[in-house]
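The values are calculated or read from the model by the stated rules, or taken from the named source; none is laboratory data. Owing to the predicted nature of the structure, the values given are computational and were not obtained by experimental measurement. For neighbour counting, all protein chains shown are included, and Cβ atoms are generated from backbone atoms with ideal geometry for every residue, glycine included. The area values use the complete protein model at the heavy-atom level, side chains included, leaving out ligands, DNA and RNA. Shrake-Rupley method; radii C 1.70, N 1.55, O 1.52, S 1.80 Å.
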Amino acid sequence: MTPPSMFDNLAALDAADSLRGKRALFHIPDGLTYLDGNSLGCLPLSAQKRGNQVIGGEWGDGLIRSWLAADWLTLSQRVGDRIGRLIGSAAGQIVAGDSTSINLHKMLHSALDLRPNRSTILTDQGNFPTDLYIIDGVAKQRGKWVRKLPPSEILASINETVAVIVLTHVDYKSAAIYDMEEITAQAHANGALVIWDLAHTAGAVPCDLDRCQVDFAIGCGYKYLNGGPGAPAFLYVARSHQSHARQPLQGWFGHKTPFDFSSAFDPAAGIVRFLCGTPSVIALSVLDGALDVFEGVEMAALREKSDSMVAEFLTLYDTYLEPEGFVLISERDSRRRGSHVAFSHRNGYEIMRALADRGVIGDFRAPDVLRFGFAPLYNQFSEIGVLVASILEIMHSGAWKQPDYAVRQAIT
Ligand SMILES: *Cc1c(COP(=O)(O)O)cnc(C)c1O
């Protein structure tokens, strides 16, 4: 059914892979083909080690002394700067903390404050739901109008009524990529600001926030950054906005001198004013440890491997899967696609359940989308063969028809 040559080719690609040594930096469960690093990245051994250290040593033994001894006070900035290297930000413009949703709320208020006389927030109608919910909520608080458009209409709809444009750089479903430079330039030409969501970008797809002159950005710590479930997110504010931008959640960690315990809020200089309360030190430390796996790795090398993984997958997809009734959703042109692929099938949910029972993990997005992420630091080309062969076996045997696969679980 699947010619062995398919696997020979993939094994050869693994042997020639310049990043192949990186897989050993992760805990990968035996027998698991994990293609969901775009939802929850695998555990880096360095994150586990750092977690043990912060819990046992810094918290257990150091207790409150660790605020200074382990420099917990600047952890949000230090982790932010490490993320910055992966997304083209010079130091001092990123802090890690809170969730992506909360950070979007903060950035949206900051941006609207800078464009008080404009009425509109422009976004993609297919943006990730939490982004749409936060945008709608802030628009209601601020009396703004939200324009939700298909991607093809965004660029031409940027005009002088737009205060801020909120877009996800790599679409969570299709993996389609927006041209960050073009849209940011068009926004600025019309006096508007941009907020980019980098949830599916950071750690997988290169981007250059400083060079594109991006105003604000946000992103997740638990996807390609491998910071663990619910890991702290991050936010970016361009240095040029930092002295005059404010954010709505003015808590004591954003204060100039929090330990003066003064009763009036006076924002810290720089990126620190975008913090709110006491950071989650354990989670931030684990994320800090997780980022070790990116040391010495160039984003271009990650991108190159991820592109060739998707290309290999698509070759097999065309030969073996397309005839089984799957419909490709992702872009074929690698310049316009991130590090995951999505395709649909009427029985997508049942097929994904059957795959999970065979140790092949991707995820399902309603109504009928199967999504598989290629995390170039730890995924191998041979896993693509396992994925395709497993789908074929499930289709040919009819294994997906098992009745309990049709019962929806709470998390897909
Ligand atoms: C995963 C994801 C989020 C998640 O937000 P949380 O606040 O971390 O739950 C937000 N936006 C996009 C585009 C995502 O893909």
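Here are some notes:
- When the Cα atoms of region 17-104 are aligned to their principal axes, the ranges along those axes come out at 43, 33, 28 Å in descending order.
- 1.4 Å probe accessible area per residue over the chain, in Å²: 41
- Radius 12 Å from Cβ of GLY51, net charge of other residues (Lys, Arg +1; Asp, Glu -1): 0
- Accessible area of PHE294 (1.4 Å probe, protein heavy atoms only, ligands and nucleic acids ignored): about 10 Å².
- Taking region 60-100 and a reference point 7 angstrom along Cα→Cβ of PHE259, the backbone N atoms nearer than 16 Å belong to 63-76.
- Hull-based mean projected area of region 163-239, where the convex hull spans the alpha carbons, in square nanometres: 5.3
- The charge dipole of region 286-380, taken about its Cα centre with unit charges on the Cβ atoms of Lys, Arg (+1), Asp and Glu (-1) only, comes to about 280 debye.
- Of the trypsin sites (Lys or Arg not before Pro) in region 369-412, the ones in a loop by DSSP (not H, G, I, E or B) with at most 12 other beta carbons within 10 Å are ARG408.
- 41 Å tail of the calculated P(r), the chain, as % of Cα pairs: 18
- Summed side-chain charge close to THR100 - residues other than THR100 whose Cβ falls under 9 Å, Lys, Arg +1, Asp, Glu -1: -3
- Rounded to 5, percent antiparallel among DSSP beta bridges of the chain: 55
- The alpha-carbon positions of region 49-294 define a convex hull whose volume is 117 Å³ per residue.
- More than 23 Å apart - percent of Cα-Cα pairs taken over region 281-400: 36
- Of the listed residues TRP252, TRP196, TRP400, TRP72, the order by accessible area with a 1.4 Å probe, largest first, is TRP252, TRP400, TRP72, TRP196.
- Nitroxide proxy distance, nm - points 7 Å out along Cα→Cβ at ALA189 and ARG78: 4.4
- Within the accessible surface of region 49-294, defined with a 1.4 Å probe on protein heavy atoms only, the carbon and sulfur portion equals 56 percent.
- Positive-pole candidate from PHE265, VAL205, THR130, dipole of the chain, charges at beta carbon: PHE265
- Cα centroid separation, region 138-215 to region 238-277 (Å): 25
- With 0.36 nm allotted per residue and the present C-alpha distance subtracted, the TRP252-ALA268 stretch has 4.8 nm of extension available.
- Cα centre as origin, Lys/Arg/Asp/Glu Cβ charges: region 49-294 dipole, Debye: 380
- Taken about its Cα centre, the chain carries a charge dipole of about 1040 debye when Lys and Arg each add +1 at the Cβ and Asp and Glu each add -1 at the Cβ.
- MET352 contributes an accessible area of around 20 Å² to the protein surface, as traced by a 1.4 Å probe with all chains present.
- Burial order of peptide ranges 119-126, 59-66, 220-227 (average beta-carbon count within 10 Å, highest first): 220-227, 119-126, 59-66
- Here the Karplus relation 6.51 cos²θ - 1.76 cosθ + 1.60, evaluated at θ = phi - 60°, turns the backbone of region 62-67 into coupling constants of x, 6, 5, 4, 5, 3 Hz, with x for every Gly and Pro.
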